[in-house]
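The values are calculated or read from the model by the stated rules, or taken from the named source; none is laboratory data. Model, not experiment: these values are computed from the prediction. For neighbour counting, all protein chains shown are included, and Cβ atoms are generated from backbone atoms with ideal geometry for every residue, glycine included.
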Amino acid sequence: MSATDGPRAAIIGAGLMGRWHADAVRRIGGRVTVIVDPNDAAREALGLRHPGAQLLADLDPELVRRHATAAHVCTPVSTHVGVMTSLIGAGLNVLVEKPFTESAETTEAVLSLAQRRGVIACPVHQFLFQDGVRQLLAWLPTMGPVRRVEFSTCSAGATGADPASLDALIGEILPHPLAIIATLLRTRIGSAKWHVAHPSAGEFRAMTTLCGTLVDLAISAHGRPTENVLRVMTDSGSATADLFHGYVLRRSGVVSRAAKVAQPFTVSMTTLRIATANLIRRAARREPAYPGLRRLVDEFYQATRIHSAPPISYESVIDVAQARDRLVRATSVETPTG
């Protein structure tokens, strides 16, 4: 696909994620044709990377529709409903940074509008499109019952922020593990009952049981080093996905004295081999950050082009939003101690 017949994208919000969305569009053979941001410096800086794009300080849905086939919404979550409603109302497909909206209720309303207008609205749950997560999903049927799923994030995304912003970070991160868990266990999670610990601002842990599997989510704004790790334990072994880098490591469940002695060495050597191959592969694809995003962007545009189902089903989007609502409410009422 050439740049002349590929997707034409509008980037709404020219910050960090707007830049990566614009890069993904270009990598799949498309063009950024509109950039919208009230910040002159951010808008013009991104415009220099994408010559010929219309640069707008304010959103004009009709102008965007004339120049773009879809819009990437990379603005703060508090603006998502208003921005999406305007764009969808103009007949535009939208790809939206997570969280999709601030509540399940508004998520359902936006998706209902998209269905009525005959366009696609899709959240950016890019972890589901990583090589490592897809490999893990392919392994699962051969690994036996899933006994435990653990998700651990230590984020520097709100370093130095006030307590409210630290807790807001939790709500921003939650859609990622929730979407992965629902996909791994092939179940709905919106009505799950969680045991939540919130000892201080930016520190969060939640546990539940789904389909006989213990699920454990931990998010920290202070713990270091930073990490984003998914671990799945089954009767025949475990798999650990590094979500920052997009690869997965599988470990055998064989129990023996020799396996126990060799374990640190086999794990280290296997990790080095797989991480190196992953780094080379991503370098060849020119994908230095946010693995999975480009594949999601590609599948999103394929769906808009042939009018097929969105890459992430609306049922899944609503389910994740409902689960996030429950956890955010639990976090807000949990009384920090210490």
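Looking at the stretch 203-210, is at least one residue among the hydroxyl-bearing types (Ser, Thr, Tyr) and part of a strand (DSSP E or B)? Within the stretch 203-210, one or more residues are among the hydroxyl-bearing types (Ser, Thr, Tyr) and part of a strand (DSSP E or B). Just checking, does the stretch 230-245 include any residue being of a type in the set (Phe, Trp, Tyr), within 19 Å of the chain's Cα centre (by Cα) and more than 23 Å from Ser165 (Cα to Cα)? Within the stretch 230-245 (the criterion being of a type in the set (Phe, Trp, Tyr), within 19 Å of the chain's Cα centre (by Cα) and more than 23 Å from Ser165 (Cα to Cα)), the answer is no, since none of the residues qualifies. Just give me the residues in the stretch 244-268 being more than 28 Å from Gln126 (Cα to Cα) and not small (Gly, Ala, Ser), in sequence order. Answer for the stretch 244-268, where residues must be more than 28 Å from Gln126 (Cα to Cα) and not small (Gly, Ala, Ser): Val254, Val255, Arg257, Lys260, Val261, Gln263, Pro264, Phe265, Thr266. Contact map, the stretch 142-156: first residue within 10 Å of Thr213 (Cα to Cα), second residue acidic (Asp, Glu) and modelled with pLDDT of 95 or more, Cβ cut-off under 9 Å, separation 6 or more or different chains; pairs are Pro145/Asp235; Val146/Asp235; Arg147/Asp235; Arg148/Asp216; Val149/Asp216. Scanning the stretch 28-52 for residues that are under 19 Å from Val94 (Cα atoms) and either more than 25 Å from the chain's Cα centre (by Cα) or among the acidic types (Asp, Glu) (or both) yields one hit, Asp37. For the stretch 144-161, check the following and say yes or no: at least one residue is of a type outside the set (Phe, Trp, Tyr), more than 26 Å from Ser268 (Cα to Cα) and within 15 Å of the chain's Cα centre (by Cα). Yes; the residues of the stretch 144-161 include at least one that is of a type outside the set (Phe, Trp, Tyr), more than 26 Å from Ser268 (Cα to Cα) and within 15 Å of the chain's Cα centre (by Cα).
A Cβ distance below 9 Å, combined with a sequence gap of six or more or placement on separate chains, defines the contacts here; from the stretch 247-266, residues that are among the basic types (Lys, Arg) reach residues that are surrounded by 12 or more Cβ atoms within 10 Å (Cβ to Cβ) and in a strand (DSSP E or B) in the pairs Arg250/Gly237; Arg250/Ser238; Arg250/Ala239; Arg250/Thr240; Arg251/Gly237; Arg251/Ser238; Arg251/Ala239; Arg251/Thr240. When Leu184, Leu249, Leu230, Leu217 are checked against the criterion of being more than 28 Å from Ile280 (Cβ to Cβ), assigned by TED's automatic domain parsing to the domain that holds Thr270 and either out of contact with any Pro (no Cβ under 8 Å at 6 or more places or on another chain) or not in a loop (DSSP other than H, G, I, E, B) (or both), a single residue qualifies: Leu217.
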